[in-house]
1. For chain A, modelled as a Gaussian network with Cα springs under 10 Å, which listed residue fluctuates most, A:E82, A:E101, A:E93?
2. Where the Cα atoms of the protein assembly as shown are projected onto their three principal axes, how long is each span, largest first, in whole Å?
3. According to a simple spin-label model (label point 7 Å from Cα along Cα-to-Cβ), what is the distance in nm between A:D90 and A:I7?
4. What list do you get for B:F12, B:F33 if you sort them by fewest beta carbons within 10 Å?
5. Only helical DSSP H runs with n ≥ 4 go in: add -39500 (n - 2.57) per run for chain A, normalise by residue count and round the 222 nm mean residue ellipticity to 500 deg cm²/dmol.
6. Quick one: which of A:60-70, A:23-33 comes out on top by average Cβ neighbours within 10 Å, and what's the full order, highest first?
7. Rg/Rh for chain B: what does it come to with C-alpha atoms and Rh from Kirkwood?
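Please treat every number below as a calculation from the coordinates, not as lab data. Keep in mind that this is a model prediction, so the values were computed, not measured. Using ideal geometry, Cβ is built from the backbone for each residue, glycine included, and neighbour counts are taken over all protein chains shown.
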Amino acid sequence: MHIVQIIGIGMTATVLATLLRQQMPSFATLVSLFAGVLILLLLVRSISTALGTFQQLTAAANMSPMFLQTLIRILGIAYVVEFAADVARDAGETALGGRIELAGKIGIVLLALPIFKDVLDVIVHMIP
Amino acid sequence: MSPEIRDLFRIFAVGFVAAIFHTVLKQSGKEDFAHWATLLGLVAVFAIVIGYVDHLYHEITSVFLLQ
């Protein structure tokens, strides 16, 4: 992941999208979507190394891996949802972007429920 | 010129050519052909983008343990 490469892709895609936007707005959206996908592809590899170190840390602290797995899933949902919602908003579909974000929020709540239940169990056990 | 950048310019080229065809055909009075040309360009661009989106989907589901 080289930051200059990402900035280069972003800049060229922006220029190409503005060139296309007058005649064909749909193609401009596709160009910006493609650039977003490219940048995300480059970033995912470096994120996976970061997550690897987190997994080692939780293993060292002998916490149960379930917490970190849920955290990683929530992180993934957040990234993807934010990407899709921004692409939708870029194309002028603000309502659609909001719907995508709503779906992401619900997904995250569903993922966080088991951990929430664990916390409540711990609290209940502490009360004599 | 890495393959990704080449595809980015390829998408731009297809869109640009489709835009040119659209305006030329519209000027020469063949309105419906113009729309067909744009549609064809859009399908070509979608074919390129879908390949990368599929690759990204598999990458994200494997890294973020989503599946």
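1. In the Gaussian network model the winner is A:E93.
2. Projected onto its principal axes, the Cα set of the protein assembly as shown covers 86, 36, 23 Å.
3. Between A:I7 and A:D90, the label points sit 1.9 nm apart.
4. Going from least to most buried by this count: B:F33, B:F12.
5. That calculation yields -32000 deg cm²/dmol at 222 nm.
6. Final packing ranking: A:23-33, A:60-70.
7. On the Cα set of chain B, Rg over Rh gives 1.20.
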